[in-house]
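Engineer: Starting off with a structure, shown below.
The values are calculated or read from the model by the stated rules, or taken from the named source; none is laboratory data. Because the structure is a prediction, the values reported are computed rather than measured. We place every Cβ from the backbone using ideal geometry, glycine too, and count neighbours over all the protein chains shown.
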Amino acid sequence: MHFRIGVSKLRVLPSPEQRFRSLVQGADQAEAFTGKVLDKTKPYLEKAHALRTRLATLAVALLAVWLLTHVTFGANGMVIYRAKRAEYQNLQKDIDSLQRENAQYNQQVSQLKTDPKRIEKEAREQFHYARPGEVIYVAPERPVAASPTNRTASK
């Protein structure tokens, strides 16, 4: 049997005072380097800033034009909305007229079922019925006008 006890490497940390001194010395170098980089890049940053405002203005203008176009001509835009509203109003008029016509027909049906005078009137008009002693005169149907055979006759 062989027993080994391993000792990990011990690391000695510098004192807080030494760490602060090394940090301060490195800060001066970092500040100098940052100053040099900023001096070199300052003209480019100014150009980028001016260009950024122009690009932002252009992007907002394009967004506004797209939004206006979409609201006006899109799938649910104003043009479609007005067409649908006109179609809706026309359909409402059709529905109203059909309901009035339906009410008239219902009234005629109820009169034909219950009113003897109305029944007699329809029988006389449609079937040419007459009371005893009455004579019915029926006018002949009008002949249909023949269409012209050539184009000059229609002018």
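Engineer: Could you grab me the full set of residues in the stretch 99-137 that are among the small types (Gly, Ala, Ser) and surrounded by 10 or more Cβ atoms within 10 Å (Cβ to Cβ)?
Structural biologist: 103, 110, 123, 130
This table checks each residue for (1) at pLDDT below 85; (2) in a helix (DSSP H, G or I); (3) among the acidic types (Asp, Glu); (4) under 29 Å from residue 105 (Cβ atoms).
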| residue | (1), (2), (3), (4) |
| --- | --- |
| 122 | no, yes, yes, yes |
| 125 | yes, yes, yes, yes |
| 131 | yes, no, no, yes |
| 138 | yes, no, no, yes |
| 143 | yes, no, no, no |
| 146 | yes, no, no, no |
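Engineer: Let me ask something else about it. Could you tell me which numbered condition residue 92 fails, if it satisfies all but one of (1) surrounded by 10 or more Cβ atoms within 10 Å (Cβ to Cβ); (2) within 26 Å of residue 126 (Cβ to Cβ)?
Structural biologist: (2)
Engineer: Please state which one of 39, 96 is of a type in the set (Asp, Glu), over 30 Å from residue 129 (Cβ atoms) and either under 36 Å from the mean Cα position of the chain (by Cα) or not in a helix (DSSP H, G or I) (or both). Steps first, answer last, please.
Structural biologist: Working: 39 fails: either under 36 Å from the mean Cα position of the chain (by Cα) or not in a helix (DSSP H, G or I) (or both).
After applying the criteria, what remains is 96.
Every residue, every condition in (1) among the acidic types (Asp, Glu); (2) within 29 Å of residue 139 (Cβ to Cβ); (3) under 26 Å from the mean Cα position of the chain (by Cα), yes or no:
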| site | (1), (2), (3) |
| --- | --- |
| 78 | no, no, yes |
| 90 | no, no, yes |
| 105 | no, yes, no |
| 125 | yes, yes, no |
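Engineer: Kindly indicate which of 56, 64 is at pLDDT below 95, among the small types (Gly, Ala, Ser), on the phi < 0 side of the Ramachandran plot and surrounded by 10 or more Cβ atoms within 10 Å (Cβ to Cβ).
Structural biologist: Details: 64 fails: at pLDDT below 95.
Within the list 56, 64, the selection yields 56.
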